[in-house]
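The values are calculated or read from the model by the stated rules, or taken from the named source; none is laboratory data. Keep in mind that what you see is a predicted model, and the values were worked out from it rather than measured. Glycine gets a Cβ as well: all are built from the backbone with ideal geometry, and neighbour counts include every protein chain shown.
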Amino acid sequence: MNVEKVMNRQVPVCRPHDSVDSALRRMLDGGLESLPVVDRLGHLVGVVSAEAARTAVRRWSGASHTMPVDTVMARQAPSCRPSDALGDVETTLAHYGAPSIPVIDDGGRFLGLVFAVDAPFTAAALRASAKKSSGSLRAA
């Protein structure tokens, strides 16, 4: 099974010059631990974590209202393609301990996210469904 089958395309994003406060609000509103950061053309340029945003808010309190996301985002974040095998992505998620991994196209444009909590359950459910289907075919 590939990433395209389990990725979530309805994901909030932020821009490099959005304020850290606004990015943190989006994460809290969406129940997210991180947000993809995209440029004006939709290319993934980084990921900002709630932890990094909270640290900035605590450390620079009032300045976080104007502090741009690109000052606290991770520029070297793992990503995957829609055609990547779900098992490979699950390994990457586990290796980095990441809550999610951005999905990009061949041009680097952001397409969506695969969430760590969804990928194993989705894969297991589909495998169980396939076993049931193949089991009923054998019985027929």
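Couple of notes before you dig in:
- The number of residues in the stretch 11-62 that are part of a strand (DSSP E or B) and in contact (Cβ under 8 Å) with a residue 60 or more places away in the chain comes to 5.
- Within the stretch 10-31, if we keep just the residues that are under 17 Å from Thr71 (Cα atoms) and small (Gly, Ala, Ser), the residue that is surrounded by the most Cβ atoms within 10 Å (Cβ to Cβ) turns out to be Ala23.
- Criterion violated by Arg54 - all others in (1) surrounded by 15 or more Cβ atoms within 10 Å (Cβ to Cβ); (2) within 18 Å of the chain's Cα centre (by Cα); (3) of a type in the set (D, E, K, R) satisfied: (2)
- Of all residues in the stretch 84-140 being among the hydroxyl-bearing types (Ser, Thr, Tyr) and surrounded by 11 or more Cβ atoms within 10 Å (Cβ to Cβ), the one that is modelled with the highest pLDDT: Ser100
- Counting the residues of the stretch 11-57 that are in contact with a Gly (Cβ under 8 Å, 6 or more places away or on another chain) and either farther than 16 Å from Pro99 by Cα or among the small types (Gly, Ala, Ser) (or both) gives 3.
- If you check Val3, Val20 for being among the aliphatic types (A, V, I, L, M), under 13 Å from Gly112 (Cβ atoms) and at pLDDT below 95, only one passes: Val3.
- The C-beta contact set for the stretch 82-98 (first residue of a type outside the set (Asp, Glu), second residue in a helix (DSSP H, G or I) and at pLDDT below 85, distance under 8 angstrom, 6+ apart or interchain) comprises Leu86/Ala119; Leu86/Thr122; Leu86/Ala123; Gly87/Ala123; Val89/Ala119; Leu93/Ala119.
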